[in-house]
Amino acid sequence: MLMQLRAGGLAELRKRYGLAPAALRVYMHYLPTFWWAHVHFANLTCPMMGASTTVGKAILLDDIIDNLTRDPDFYATASLSFVVGDHDSLYTHLRAAGGIDTGAVDEPEAKKACV
């Protein structure tokens, strides 16, 4: 399904906008950015492209496909790390559940939850 989604999206973007696959970054968001997985097809020439694909906020679709091709149960057993700021509501829920390691950081704006 993901391979068909990637192929169809890339084909449609080439047809409509003349964008070659090499001009695009295809990625999925996961926790903590969103509660549901979804795919982005982003033009690499867009000035904001890098801002939404920082570590801990997105996984390249090609990497997901590769992981599932090698092991269909990869995501059933994988540990996915992500950073949650203490201003996020998810931080409060994780901390209450005992799933937070805040380390020895004292500055509130620098304190991040390590799950």
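The values are calculated or read from the model by the stated rules, or taken from the named source; none is laboratory data. Computed from a prediction, not measured in an experiment: that's the story for all the values here. Counting neighbours? That spans all protein chains shown, and the Cβs are built from the backbone with ideal geometry, glycine included.
Here is a yes/no grid of residues against (1) at pLDDT 80 or above; (2) within 12 Å of the chain's Cα centre (by Cα):
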position	(1), (2)
Trp35	no, yes
Val55	no, yes
Ile64	yes, yes
Ala78	yes, no
Lys111	no, no
Val115	no, no
What are the residue pairs meeting all of these: first residue in the range 3-24, first residue at pLDDT below 95, second residue loosely packed, with under 14 Cβ neighbours inside 10 Å and not in a helix (DSSP H, G or I), Cβ atoms under 9 Å, and 6 or more apart or on different chains?
Tyr17/Asn43; Leu19/Asn43; Ala22/Leu44; Ala23/Asn43; Ala23/Leu44; Ala23/Thr45; Leu24/Asn43; Leu24/Leu44
Note on the range 71-101: residues under 19 Å from Met28 (Cα atoms) and part of a loop (DSSP other than H, G, I, E, B) are Asp71, Pro72, Asp73, Ala78, Ser79, Leu80, Ser81, Phe82
Of those in the range 37-53 that are within 30 Å of Thr92 (Cβ to Cβ) and at pLDDT 70 or above, the residue surrounded by the fewest Cβ atoms within 10 Å (Cβ to Cβ) is His38
